[in-house]
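Following this message is one structure expressed as structure tokens.
The values are calculated or read from the model by the stated rules, or taken from the named source; none is laboratory data. All figures in this text were calculated on a predicted structure; none of them were measured in a lab. Note that each Cβ is placed from the backbone with ideal geometry, even for glycine, and that neighbours are counted across all protein chains shown.
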Amino acid sequence: MNSDTALCWLRRDLRLDDHAALYTALCAHPRVVCVFLFDRLELHNHRQAKFVWHALDQIKQGLQARGSDLLIVQGDASNEICALAQRFAASVVYVAEDYEPAARARDQSVDQALAALGSRLEPVKDLVIFAGDEILAKNHTPYSVFTAYKNTWLARLNPAEWMPYDSLGQLSRLMPLPATPMPSLKQLGFQSSNLGGLGLPLGKSGAQQLLAAFDAHIADYQQQRDFPALDASSHLSPHLRFGTLSIRRAVALAAEYTGPGAACWLSELIWREFYQQLLWHHPRVAQESFKLKYRDLNYENNQTWFDAWRNGQTGFPLIDAAMRQLSQTGWMHNRLRMITASFLVKDLLIDWRWGERYFAETLLDFDLAANNGGWQWAASTGCDAQPYFRIFNPVTQSKRFDPDGRFIRRYLPELTELNNQDIHAPWLAKKLPAGFTLGRDYPVPMVEHAEQRQRALALFGR
């Protein structure tokens, strides 16, 4: 095929600036065509589809302003990408590396199909700062302890690692294309989902807005991040998931500061990479426990209990408020992700994979590596996970991280009139508000935490 033309297949890098694959393509070829494939491997729920749609709309407008366009297709990746490679006589298809097992299998299939046409797939590192075998222990094996991984990661970090790619400066090499209309979500086979509950700014412009807002209070991040009512999170996780913000921009922000807030946020970004590389080195964790001794635990898997957990009807206010936040907004505070996951596995004795799947179906920022890593950490089945005997007490956690019940009241309006002490455990209240009946207006606790804790210890300790 004609080596002068290349495709840039956008996937989890939905921006035009600081774009590794696009920059690489533009520097090597005088004509580049950008394409996006609506792929169920990338989109796990309708919220994600809407988020991606807005990002693509901004990209399409940006390319059209430069006389080119973003081609949007649907279908089997091998068929559609090969058809476009043939149409434009493209010798190379540039993509950002993806570390998920299904995505790796897809890319291998696409590469083989392209090879039959005389073309090839060219992966470029973009999703992480360090990938593959770049961070290994001294014995050349992948790390299984986060702190050791983090120390090596930080020792390797230098300003060149977060230097942005000047892809905007190379856009004159884009192939001129006639402008085409942006297809609707309905035309693409997706429902239009409500993102208003979260109030998240969308697209590349939204990512820039959130990054600037977080810059203003990153110094307070360490102190405030565990309190959901304070809303101290950056809310950048969906933008990092789909690449409307590059990981380099995020690390660059952390590197501007020397205080504990920025260091804490950088540590969270390193956790993200730890789980990405864990999935790359151990793809089996997508299906089973990292710790093989916990692979066949005899979970009770009570469907009625699972439904109550999913619907925010467990009778434990902080758990229920967190689950309703998730269903209403597609997002959940990180501390609450840990608490609700621990509750499902160790209070309700339900397989962590049930919860992992529900989060995949619901979270706007769902990312297989982070979601799997987080669930296995809370379930004590994962790599460098909390020990099985560490079991969060939902009432203690509620009193500690939502002391005045502000977050609970936001999502459980039926508990608004309870005082700041009773709102954490209504069943222990000496006197409930007039007209409020436990069991009618709000559920009684579905389990007794102390009893379930002992059953969990017995389950994991066998």
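Please work out if residue 332 is among the hydrophobic types (A, V, I, L, M, F, W, C), closer than 23 Å to residue 225 by Cβ and not in a loop (DSSP other than H, G, I, E, B).
no
OK, next. Can you name the residue in segment 71-130 that is under 27 Å from residue 180 (Cα atoms) and β-branched (Val, Ile, Thr) and, of all such residues, is surrounded by the fewest Cβ atoms within 10 Å (Cβ to Cβ)?
Among those residues, the one meeting the criterion is 73.
Mind listing whichever residues of segment 163-192 are under 30 Å from residue 270 (Cα atoms) and modelled with pLDDT under 95?
Scanning segment 163-192 gives 168, 169.
Conditions tested, residue by residue: (1) more than 25 Å from residue 334 (Cα to Cα); (2) of a type in the set (S, T, N, Q); (3) free of Cβ contacts under 8 Å to residues at least 60 places away in the same chain.
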{"position": "399", "(1), (2), (3)": "no, no, yes"}
{"position": "410", "(1), (2), (3)": "no, no, no"}
{"position": "421", "(1), (2), (3)": "no, yes, yes"}
{"position": "431", "(1), (2), (3)": "yes, no, yes"}
{"position": "450", "(1), (2), (3)": "no, no, yes"}
{"position": "453", "(1), (2), (3)": "no, no, no"}
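Which condition from (1) under 30 Å from residue 103 (Cα atoms); (2) in contact with a strand residue (DSSP E or B) (Cβ under 8 Å, 6 or more places away or on another chain) is the one that residue 385 breaks?
Failing condition for residue 385: (2).
Looking at (1) exposed (fewer than 15 other Cβ atoms within 10 Å of the Cβ); (2) part of a helix (DSSP H, G or I); (3) of a type in the set (A, V, I, L, M), which one does residue 171 not meet, given that it meets all the others?
(1)
Look through segment 42-61, keep the residues that are among the aliphatic types (A, V, I, L, M) and under 17 Å from residue 191 (Cα atoms), and return whichever of them is farthest from the chain's Cα centre (by Cα).
Per the criteria, the residue is 56.
Continuing with this model, one more query. Checking the conditions here, which among 275, 299 is part of a helix (DSSP H, G or I), under 30 Å from residue 105 (Cβ atoms) and modelled with pLDDT of 95 or more?
Just one listed residue meets the conditions, 275.
Does residue 392 qualify as being outside any helix (DSSP H, G or I), touching a residue at least 12 places away in the same chain (Cβ under 8 Å) and within 17 Å of residue 100 (Cα to Cα)?
no
Please tell me if residue 399 is charged (D, E, K, R) and in a loop (DSSP other than H, G, I, E, B).
no
Please go through segment 433-448 and give me each residue that is in contact (Cβ under 8 Å) with a residue 12 or more places away in the chain, over 23 Å from residue 328 (Cβ atoms) and either touching a helix residue (DSSP H, G or I) at 6+ places or on another chain (Cβ under 6 Å) or exposed (fewer than 14 other Cβ atoms within 10 Å of the Cβ) (or both), ordered by number.
438, 444, 447
Would you mind stating whether residue 254 is over 28 Å from residue 25 (Cβ atoms), in contact with a Leu (Cβ under 7 Å, 6 or more places away or on another chain) and not assigned by TED's automatic domain parsing to the domain that holds residue 67?
yes
Starting from segment 354-379, take each residue that is touching a residue at least 24 places away in the same chain (Cβ under 8 Å) and list its partners that are part of a loop (DSSP other than H, G, I, E, B) and among the acidic types (Asp, Glu), counting only C-beta distances under 9 angstrom and pairs at least six apart or across chains.
The qualifying pairs are 367/100; 368/100; 369/100; 377/384; 379/351.
Provide a single number: the residues in segment 363-389 that are closer than 29 Å to residue 48 by Cα, hydrophobic (A, V, I, L, M, F, W, C) and either in contact with a Ser or Thr (Cβ under 7 Å, 6 or more places away or on another chain) or assigned to a loop (DSSP other than H, G, I, E, B) (or both).
Residues in segment 363-389 being closer than 29 Å to residue 48 by Cα, hydrophobic (A, V, I, L, M, F, W, C) and either in contact with a Ser or Thr (Cβ under 7 Å, 6 or more places away or on another chain) or assigned to a loop (DSSP other than H, G, I, E, B) (or both): 6 in total.
Let me ask something else about it. For the list (1) exposed (fewer than 14 other Cβ atoms within 10 Å of the Cβ); (2) over 30 Å from residue 401 (Cβ atoms), I need the number of the one condition that residue 204 fails.
Only one criterion in (1) exposed (fewer than 14 other Cβ atoms within 10 Å of the Cβ); (2) over 30 Å from residue 401 (Cβ atoms) is unmet by residue 204, namely (1).
Sticking with this structure for a sec: Consider only pairs whose beta carbons are under 9 Å apart and that are at least six residues apart or on different chains; among these, list those whose first residue lies in segment 252-263 and is part of a loop (DSSP other than H, G, I, E, B) and whose second residue is among the small types (Gly, Ala, Ser).
These pairs meet every condition: 256/262; 257/219; 257/263; 259/219.
Kindly establish whether residue 302 is surrounded by fewer than 22 Cβ atoms within 10 Å (Cβ to Cβ), farther than 24 Å from residue 413 by Cβ and in contact (Cβ under 8 Å) with a residue 12 or more places away in the chain.
For residue 302, the condition - surrounded by fewer than 22 Cβ atoms within 10 Å (Cβ to Cβ), farther than 24 Å from residue 413 by Cβ and in contact (Cβ under 8 Å) with a residue 12 or more places away in the chain - is met.
A further question on this structure: Would you mind telling me which numbered condition in (1) in contact with a Pro (Cβ under 9 Å, 6 or more places away or on another chain); (2) surrounded by 22 or more Cβ atoms within 10 Å (Cβ to Cβ) residue 323 fails?
(1)
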